[in-house]
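K.L.:
Take this structure first; my questions come after.
The values are calculated or read from the model by the stated rules, or taken from the named source; none is laboratory data. No experiment lies behind these values; they were computed from the predicted model shown. Ideal geometry is used to build each Cβ from the backbone, glycine not excepted, and the neighbour counts take in all protein chains shown. Quick note on the areas: whole protein, heavy atoms, side chains included, nothing else; ligands and nucleic acids left out. Shrake-Rupley method; radii C 1.70, N 1.55, O 1.52, S 1.80 Å.
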Amino acid sequence: MLTIAYIGNGKSTNRYHLPFSLKNEKIRVKTIYSQENNSVWMKVSGVNYVNDINTIWNDEEIQLVVICTPLEYHYEYAKLALENGKNVLVEKPFTQTSDQAKELFALAKEKNLFIQCYQNRRFDSDFLTVQKVMKSGVLGDIFEVEMHFDYFRPEVPMSAKGFSKEFSFLYGHGSHTIDQVLSLFGNPNRITYDVRQLLGKGHMNDYFDLDFLYDSKKVSIKSSYFRLKERPSFVLYGKKGVFVKQSKDRQEEHLKLFYMPSNKDFGIDLSEHYGVLTYIDDDGKYHEEKVTSEVGDYGRIYDGIVESIIYGKEKIVKDEETIRQIEILEEGINKIED
């Protein structure tokens, strides 16, 4: 049994973590800390809610501390947790800088403790389905991949009072797709950056377009707050055809509706959400067919954490992948002059 505590009692903890950690039979959620006792989220029965962080540091039962605060506090609390002998899981983006990330990984290694970034989007249904199609080989060699993470939320950049790294679209959402690219294809030979403030200088970053260039393929990740009609979540172009997955993973959609993972159809795509695979086979015949979506499950991150901390298995998210992701975020956001 892995006993855990959360630092932060907002949307991240309650929407994207607790629904998965609470259903894991090998995890006990013991404590949730926040400075103010004014959270709008309903308290979980049996969980100890505290506003003195020393309650966590002094509790020998707590083995893992999960950092679900705003980005500017990730490094501070993660370092404190390690210094107090706790294993750590940190929401994404992991830290503000790659130097902070390197320091935390070095400290964890020195103290023989676990620390990892919460890259739950590795277990998005659409991303898993793309991997299934690639492994099937029906598209042949993959030459180009397009990944889109679009919203129509103009009120977000329009209400922002200025530019900041922490409150940028690249840091907030690039941390999803950059990790997916690195986990699937590895470190590219080169990256080109197009990181913009569509509303003009002095406003928040609300758009990005990054091209990851490999020996024989290009992987593009594109996101905007001004897409009334979303572009496809994924498009794969191969030597023999194309695969288009129009809709995103549905776990976030269901969580926002308080439709929890305890439901058997949680996050499950309907047939209208299935991607379309179009290809020419070895006999020259044309095929167009729907591909049943894989089942996404953010809880697999917590399964992996249990395996790593309790049983010593390799971490799902490698340290070097997290460090490289932060380097890419830094490189991209530094293209903007506020």
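K.L.:
Can you say whether residue 199 is assigned to a loop (DSSP other than H, G, I, E, B), surrounded by 15 or more Cβ atoms within 10 Å (Cβ to Cβ) and either out of contact with any Cys (no Cβ under 9 Å at 6 or more places or on another chain) or of a type in the set (Lys, Arg) (or both), as far as the supplied structure shows? Spell out the reasoning first.
P.N.:
Details: assigned to a loop (DSSP other than H, G, I, E, B): yes; surrounded by 15 or more Cβ atoms within 10 Å (Cβ to Cβ): yes; either out of contact with any Cys (no Cβ under 9 Å at 6 or more places or on another chain) or of a type in the set (Lys, Arg) (or both): yes.
Answer is yes for this residue.
K.L.:
Another one. For residues in the range 161-172 being open to solvent by less than 20 Å² (accessible area, probe 1.4 Å) and in contact with a Leu (Cβ under 9 Å, 6 or more places away or on another chain), which is farthest from residue 275 (Cα to Cα)? Before the answer, list the steps.
P.N.:
First, the residues of the range 161-172 that are open to solvent by less than 20 Å² (accessible area, probe 1.4 Å): 168-171.
Restricting the remaining residues to those that are in contact with a Leu (Cβ under 9 Å, 6 or more places away or on another chain) gives 168, 170-171.
Details: 168: 30, 170: 26, 171: 28 Å.
Filtering the range 161-172 for residues that are open to solvent by less than 20 Å² (accessible area, probe 1.4 Å) and in contact with a Leu (Cβ under 9 Å, 6 or more places away or on another chain), the one farthest from residue 275 (Cα to Cα) comes out as 168.
K.L.:
So how many residues does the range 285-338 have that are over 18 Å from residue 115 (Cβ atoms) and among the hydroxyl-bearing types (Ser, Thr, Tyr)?
P.N.:
Count: 4.
K.L.:
Looking only at the range 49-77, how many residues end up being of a type in the set (S, T, N, Q), closer than 16 Å to residue 39 by Cα and either surrounded by fewer than 21 Cβ atoms within 10 Å (Cβ to Cβ) or free of Cβ contacts under 8 Å to residues at least 12 places away in the same chain (or both)?
P.N.:
Going residue by residue through the range 49-77, those that are of a type in the set (S, T, N, Q) are 51, 54-55, 58, 63, 69.
Filter once more, so that each one left must be closer than 16 Å to residue 39 by Cα: 51, 69.
Filter once more, so that each one left must be either surrounded by fewer than 21 Cβ atoms within 10 Å (Cβ to Cβ) or free of Cβ contacts under 8 Å to residues at least 12 places away in the same chain (or both): 51.
Residues meeting the conditions: 1.
K.L.:
Could you please tell me which pairs satisfy a Cβ distance under 8 Å, a separation of 6+ or placement on different chains, a first residue in the range 164-186 that is closer than 16 Å to residue 331 by Cα and in a loop (DSSP other than H, G, I, E, B), and a second residue that is of a type in the set (Val, Ile, Thr) and open to solvent by less than 10 Å² (accessible area, probe 1.4 Å)?
P.N.:
From the range 164-186, the pairs are 165/333; 168/333.
K.L.:
Scan the range 270-320 for residues that are open to solvent by 50 Å² or more (accessible area, probe 1.4 Å), under 27 Å from residue 232 (Cβ atoms) and part of a helix (DSSP H, G or I) and jot them down.
P.N.:
271, 272, 300
K.L.:
If you don't mind, there's one more thing I want to ask. Within 21 Å of the chain's Cα centre (by Cα), surrounded by 13 or more Cβ atoms within 10 Å (Cβ to Cβ) and in a strand (DSSP E or B): is that true of residue 4 in this structure?
P.N.:
Answer is yes for this residue.
K.L.:
Here is a follow-up. Restrict the check to the range 135-152 and report whether at least one residue is in contact with a Phe, Trp or Tyr (Cβ under 8 Å, 6 or more places away or on another chain), more than 21 Å from residue 276 (Cβ to Cβ), in contact (Cβ under 8 Å) with a residue 24 or more places away in the chain and surrounded by fewer than 20 Cβ atoms within 10 Å (Cβ to Cβ).
P.N.:
Yes, some residue in the range 135-152 is in contact with a Phe, Trp or Tyr (Cβ under 8 Å, 6 or more places away or on another chain), more than 21 Å from residue 276 (Cβ to Cβ), in contact (Cβ under 8 Å) with a residue 24 or more places away in the chain and surrounded by fewer than 20 Cβ atoms within 10 Å (Cβ to Cβ).
K.L.:
Next question, about the same structure. Within the range 28-35, identify whether any single residue is over 22 Å from residue 310 (Cβ atoms), among the aliphatic types (A, V, I, L, M) and either open to solvent by 30 Å² or more (accessible area, probe 1.4 Å) or not in a helix (DSSP H, G or I) (or both), and answer yes or no.
P.N.:
no
K.L.:
If you don't mind, there's one more thing I want to ask. Can you spot a residue in the range 225-238 that is under 26 Å from residue 156 (Cα atoms), of a type in the set (Asp, Glu) and surrounded by fewer than 19 Cβ atoms within 10 Å (Cβ to Cβ)?
P.N.:
Looking for residues that are under 26 Å from residue 156 (Cα atoms), of a type in the set (Asp, Glu) and surrounded by fewer than 19 Cβ atoms within 10 Å (Cβ to Cβ), one finds at least one in the range 225-238, hence yes.
K.L.:
Also, I was wondering about something else. Please state which of the following conditions residue 175 fails to meet, knowing it meets all the rest: (1) touching a strand residue (DSSP E or B) at 6+ places or on another chain (Cβ under 8 Å); (2) open to solvent by less than 20 Å² (accessible area, probe 1.4 Å).
P.N.:
(1)
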